[in-house]
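One structure is given below, encoded as structure tokens.
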Amino acid sequence: MGFKIIVDSCCDLTPAQLREGCFVSVPLTIHVGGQDIVDDACFDRGALLHAMKECPTAPHTSCPSPAQYLDAFDCGADDLYVVTLSALLSGSHNAAAQARNLWLEEHPNTNVHIFNSCSASAGEVLVALKIQELAQSGMDFTTVVAQVSRYIEEMETLFVLENLDNLRKNGRLSRMQSLVTSTLRIKLLLGSTPEGEICKKGQAMSVKQALNKMASLMAANPNHAGKRLSIVHCNCLERAYHLRELALQQCRFSEILISETGGISTVYANDGGVVAAY
């Protein structure tokens, strides 16, 4: 009976949010320096940051298997909403889609929809919370799917990273962009395309300046007013607070949420990174 919202572990909900009965997290796995780290409730951010710093090779990640999603589907709910990170950045969406097909063969009377967030981290948080809001209001499954799909189309994701090495080594950023930024100490303001690919939005000479530009971009977007802002940080709460203050001064968001990176977001945001979505 009822509904469940199944997210992959790149969705950086707070521990308190994840303890709410409607959420189920399916972990990805991080491989670094010969270690396999499961991105679940036992994840240790400090240990991962240390391991990445000490390891000469880039960490890489593997998505959940269809079997892991099937285990999550087996929760007794009639309506299953699944949120994955961008299908262009991970195989998580494809694994969930395979699991959906297998599940519906055995459970044809249940409803399952896989949302490609076209984002990650803070963007997935917003999608999960929007589903919760609509489903708890009593809205029917088909209408929830339609409204959340439109919400994803209108969502914006922005991020500023202290270090771009992991993005470059994992093929998420061109070598030239990474080389230029590290050589000149430039900080890129990055975002996502509507399809969920990483793109450049601007640059600055410091992270603080890049966050100022991020806030200015948000304020200049007339569609931000009344929306929820999600800020996710990797080991830099003061930067998250700084961005929140800028948003309070310059923008008209209805709510501003702050959370910390889980394992997958830590790999790519790295120490000092900040992700925002609205």
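General remarks:
- Selection of first residues in region 108-121 that are in the same structural domain as residue 91 (by TED's automatic domain parsing) and of second residues that are surrounded by fewer than 22 Cβ atoms within 10 Å (Cβ to Cβ) and of a type in the set (Asp, Glu), restricted to Cβ pairs under 8 Å at least 6 apart or on distinct chains, gives the following pairs, ordered by first then second residue: 109/78; 110/78; 110/79; 111/78; 111/79; 118/195.
- Check on residue 97, touching a Cys at 6+ places or on another chain (Cβ under 8 Å), surrounded by 17 or more Cβ atoms within 10 Å (Cβ to Cβ), outside the structural domain of residue 268 (by TED's automatic domain parsing) and over 20 Å from residue 276 (Cβ atoms): no
- Considering residues of region 204-250 that are among the hydrophobic types (A, V, I, L, M, F, W, C) and in contact with a His (Cβ under 8 Å, 6 or more places away or on another chain) only, the residue surrounded by the fewest Cβ atoms within 10 Å (Cβ to Cβ): 240
- Conditions (1) closer than 25 Å to residue 142 by Cβ; (2) surrounded by fewer than 19 Cβ atoms within 10 Å (Cβ to Cβ): number failed by residue 86: (2)
- Candidates 227, 213, filtered to the one that is in contact (Cβ under 8 Å) with a residue 40 or more places away in the chain and not hydrophobic (A, V, I, L, M, F, W, C): 227
Table: residues versus (1) within 30 Å of residue 131 (Cα to Cα); (2) surrounded by fewer than 21 Cβ atoms within 10 Å (Cβ to Cβ); (3) among the small types (Gly, Ala, Ser).
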| residue | (1), (2), (3) |
| --- | --- |
| 5 | yes, no, no |
| 14 | yes, yes, no |
| 34 | no, yes, yes |
| 47 | no, yes, yes |
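- Picking from residues in region 19-30 that are touching a helix residue (DSSP H, G or I) at 6+ places or on another chain (Cβ under 7 Å) and outside any strand (DSSP E or B), the one that is surrounded by the fewest Cβ atoms within 10 Å (Cβ to Cβ) is 22.
- Breaking point among (1) surrounded by fewer than 22 Cβ atoms within 10 Å (Cβ to Cβ); (2) outside the structural domain of residue 128 (by TED's automatic domain parsing), for residue 39: (1)
- Of all residues in region 138-174, those being at pLDDT 95 or above, closer than 22 Å to residue 215 by Cβ and in contact with an Asp or Glu (Cβ under 9 Å, 6 or more places away or on another chain) number 0.
- From the list 67, 58, 41, 16, the one residue that fits, being free of Cβ contacts under 8 Å to residues at least 12 places away in the same chain and either in a helix (DSSP H, G or I) or aliphatic (A, V, I, L, M) (or both), is 16.
- Test: residue in region 2-10 that is in contact (Cβ under 8 Å) with a residue 60 or more places away in the chain, at positive phi and in contact with a strand residue (DSSP E or B) (Cβ under 9 Å, 6 or more places away or on another chain): yes
- Filter result for residue 20 (under 29 Å from residue 156 (Cα atoms) and outside the structural domain of residue 257 (by TED's automatic domain parsing)): yes
- Selection count where residues are assigned to a loop (DSSP other than H, G, I, E, B) and more than 16 Å from the chain's Cα centre (by Cα), scope region 2-13: 1
The values are calculated or read from the model by the stated rules, or taken from the named source; none is laboratory data. It should be emphasised that the depicted structure is a prediction, and the values quoted were computed from it without experimental measurement. Ideal geometry is used to build each Cβ from the backbone, glycine not excepted, and the neighbour counts take in all protein chains shown.
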